[in-house]
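Presented below is the structure to which this report refers.
Coordinate-derived values only; no laboratory data. This one's a predicted model, so the numbers in the text were calculated from it and none came from an experiment. Don't worry about glycine lacking a Cβ; one is built from the backbone with ideal geometry, like all the others, and counts go over all protein chains shown.
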Amino acid sequence: MKLVIHNKHPENEIYSSNLKIARLCGAEVIYCEKENVALVMEDAMNDLKAKGYNPFYIWGGGHSLEGSYAYYDAVKYVKEQQSHHFNYVYIASGTGTTHAGIHVGIKSFFPTVKVHGISIARNRNKGIIEIHKSVLELEKHLNFPSFTNIDDISFYDDFIVDGYESSCDDIYFLIKRIAKTDGLLLDPTYTGKAFWGMMNHIKNGIIPSGSNVLFWHTGGLLNLFSDNRCNFL
């Protein structure tokens, strides 16, 4: 296993929980400049092939058809486990794979439900285009009779703060409050931003009063442990 990371200051990631687990699992960590990621990934693939392996290429964020399909399948599982009790779904939206899979899954199994993606980094113009590409890729793979229009995708970039892994006091205090009142652990990079966005939408009436909202928790706990700014909590 080879893990390629673009970072000009790898020394800052010595105590990253994600990297601790990656190394524990035997991954070889390779650092490079952002503009060289594709080349370094290709070299890593060729090296593994030369050693007789059949490596699988995983893009950053798990951005792939397989990743989208996994979340489509997860929505199918929700359908099999319970009846329809929600009107809206809120998720943290990054590279687009999770958002695309849940969008297509909800469209298939809960057609009256609306999915709202809260961006954790990308601005709307770029983010929604990438999500739409992944949605169409999955719908074509599933042989859908009709395809999603880009205007049917809800993607909000109001809560990204200053970008990826950037947070603010409002998010940190929300993380603490929700942990104390609901026992739900959020993180400042993904789910904290998504929950913050959802709460804002409920407060401001974007979600009608009396609606049932499903918050889809997509993980990120290791980011909570790695973020030293959470110490003040």
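Counting Lys and Arg as +1 and Asp and Glu as -1, each charge on the Cβ, what is the dipole of the chain about the Cα centre in debye, to the nearest 20?
In total the dipole reaches around 460 debye.
Excluding residues on the same chain fewer than 8 positions from LYS193, give the aspartates and glutamates whose Cα lies under 14 Å from its Cα.
Straight-distance partners of LYS193: ASP157, ASP158, ASP162, GLU165, ASP169, ASP170.
If N is the number of residues in region 103-233, what value comes out of its Cα radius of gyration divided by 2.2 N^0.38 Å?
Here the Cα radius of gyration is 1.14 times the empirical estimate.
When the Kirkwood radius is taken over all Cα pairs of region 47-113, what Stokes-Einstein diffusion coefficient follows at 20 °C and 1.002 mPa s, in µm²/s?
159 µm²/s
Taking the Cα of LEU142, stepping 7 Å toward and past its beta carbon, and measuring to each backbone N in region 80-95: which are under 16 Å?
80-81, 89
With a cap of 10 neighbouring Cβ atoms within 10 Å, and only residues DSSP puts in a loop, list the chymotrypsin sites (Phe, Trp or Tyr not before Pro) found in region 89-174.
For chymotrypsin sites (Phe, Trp or Tyr not before Pro) across region 89-174 that sit outside H, G, I, E and B with at most 10 neighbouring Cβ atoms in 10 Å, the list is empty.
What stretch of the chain, leaving out the sites themselves, is the longest with no trypsin sites (Lys or Arg not before Pro) in a DSSP loop having at most 12 other Cβ atoms within 10 Å?
Values: sites that count: LYS8, LYS51.
By the stated rule (loop sites, at most 12 other Cβ atoms within 10 Å), 52-233.
Taking Cα extents along the principal axes in Å straight from the coordinates, which label in (1) 67, 35, 33; (2) 57, 51, 34; (3) 124, 39, 34 is the correct one?
Read-out taken from this structure: (2).
Out of residues 5 or more away from PHE155 or on other chains, whose amide H comes under 5 Å of its own, with H placed 1.01 Å from N in the peptide plane?
GLY117
From the helices alone, meaning DSSP H stretches of at least four residues, give me the mean residue ellipticity at 222 nm for the chain, per-run term -39500 (n - 2.57), in deg cm²/dmol to the nearest 500.
-14000 deg cm²/dmol
For the pairs LYS76/LYS114; LYS180/LYS203; LYS2/LYS126; LYS114/LYS176, flag any whose C-alpha to C-alpha distance is greater than 18 Å.
Long pairs (Cα-Cα over 18 Å): LYS180/LYS203; LYS2/LYS126; LYS114/LYS176.
Give me the Kirkwood hydrodynamic radius of region 2-57, using the inverse of the mean 1/r over all pairs of distinct Cα atoms, in Å to one decimal. Walk me through the intermediate numbers first.
Working: mean 1/r = 0.0823 Å⁻¹.
By the Kirkwood definition, the hydrodynamic radius is 12.2 Å.
For region 2-57, what does the relative contact order come out to in percent, with C-alpha contacts under 8 Å and a separation of six or more? Show your work: numbers first, answer last.
On the way: 41 pairs, mean separation 23.6, N = 56.
Computed value for region 2-57: 42 percent relative contact order.
Output the relative contact order of region 75-232, whole-number percent, from Cα pairs under 8 angstrom with separation of 6+ residues.
27 percent
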